[in-house]
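Okay, structure first, notes after.
Where a number appears in this text, it was derived from the coordinates with a stated rule and is not lab data. As the structure is a computational prediction, the values presented were derived from the model and not from experiment. Cβ: placed from backbone, ideal geometry, glycine included. Neighbour counts: every protein chain shown.
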Amino acid sequence: MAFGKLGQTFSALEIYQIVKDDLKSVEEEIRLESIASIDTISAITKHLHAGGGKRLRPTLLLLACRLFGKPGETAFRLGAVVEMVHTATLVHDDVIDVAETRRGRASTNMLWGNHTSVLAGDWLYMQAFQMALKERNFRVLDLLISLTQLMVEGEVLQLERIGKLSVSEADYMDLVDRKTASLFSVCARLGAIVGGANEEEESRLGNFAWNLGMAFQLVDDILDFTASESVLGKPVGSDLREGKITLPLIYALENATPIEKQAVEAVLRSSDYAEISFERIFEFTSSQKGIERARKRAEVFADAARKIISSFPDSNVQRALAAISELVTERDH
């Protein structure tokens, strides 16, 4: 992988090294702001924090900031804000999906129940906004409020489509925009704002991150078919079991036989692979080129992201952001 004018290669570790100290400050901010007056909420947030994660969203924010200036307290706080918003959505997702694991560990809804988990997710949202409010920056608040509305609308749309076979590619892309790509875009925009970018630079960086987020989610949905359970941190085939039709299946169903459609419907109806094995669904999706086409679509978004980021002046940070768009499509979890 070579990016930028100097053709320098960046690995995930090398990207991490650029923001390593910044992320330590973000982690400390998350730790301090996750302590609630209710012991149960503190226990849940501690469990979530201990689960780790890629911290891709705060990394994106910090790198975006470093394109224009050195991150400080505001960048660290907003890095914690976007990670907490992301975590809140995961908690709500797990409740809706009746998920049993998250990142290889028991999900909060399995440990504390649905009602408590929903309220803990709500608390994380409110705590994130309380943190953002300390900045007294209306532009920051406007971005976060608009983002949260989009994400909640995405949850509602996804819930309405659970168990339905007739999900179009346009429906799917709209959902990915709302639930994933918009958050990536806001992370980059917030970093640009804190770093001192002008409006055009902020917008361009937001478009870069939006395309990155679209590619990221498409790869996520491909990995639900192709990854190993031990690496993925959750059972493969979870999306269909939870009633979700993602892009590989949308493509595969375009030319599916009645028997193949019935097989998919059987899994949607039973919410398990007892009647129809996951291997059978995987073979059908592969033979109909669903996975191959979805991967090519992800590459289109990743290529668009690389093209946009290449319009910024060459630097280690610029090349690191370009490398992320490559790593997103090559990852195995």
Item checked: Angle between the chain longest axis and helix 114-133 axis [Cα atoms, degrees, rounded to 10] -> 30 degrees
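Kirkwood hydrodynamic radius, computed over distinct alpha-carbon pairs, for the range 101-149: how many Å, to one decimal? Numbers along the way, then the final one.
Details: mean 1/r = 0.0801 Å⁻¹.
Answer for the range 101-149: a Kirkwood hydrodynamic radius of 12.5 Å.
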Notebook entry, point to check: Can you give the angle from 0 to 90° between the axis of helix 290-309 and the longest principal axis of the chain, with both taken from C-alpha atoms, to the nearest 10?
Noted result: 10 degrees
Next item on the list: Take the Cα gyration tensor of the range 12-327, multiply each eigenvalue by 5, square-root it, and list the three semi-axes largest first, rounded to whole angstrom.
Entry: 33, 24, 16
Check: Where in the range 30-62 are there trypsin sites (Lys or Arg not before Pro) that are in a DSSP coil and have at most 15 other Cβ atoms within 10 angstrom of their Cβ?
Finding: K54
Item checked: Nearest-ten-degree value, helix 182-195 long axis tilted from longest Cα axis of the chain -> 10 degrees
Item checked: Sorted by Cβ neighbour density within 10 Å, fewest at the top, the residues L212, L147 -> L147, L212
Item checked: Rule-of-thumb Rg ratio for the range 178-237 [Cα; 2.2 N^0.38 Å; N residues] -> 1.44
Check: How many angstrom separate the Cα center of the range 109-145 from the Cα center of the range 242-261?
Finding: 35 Å
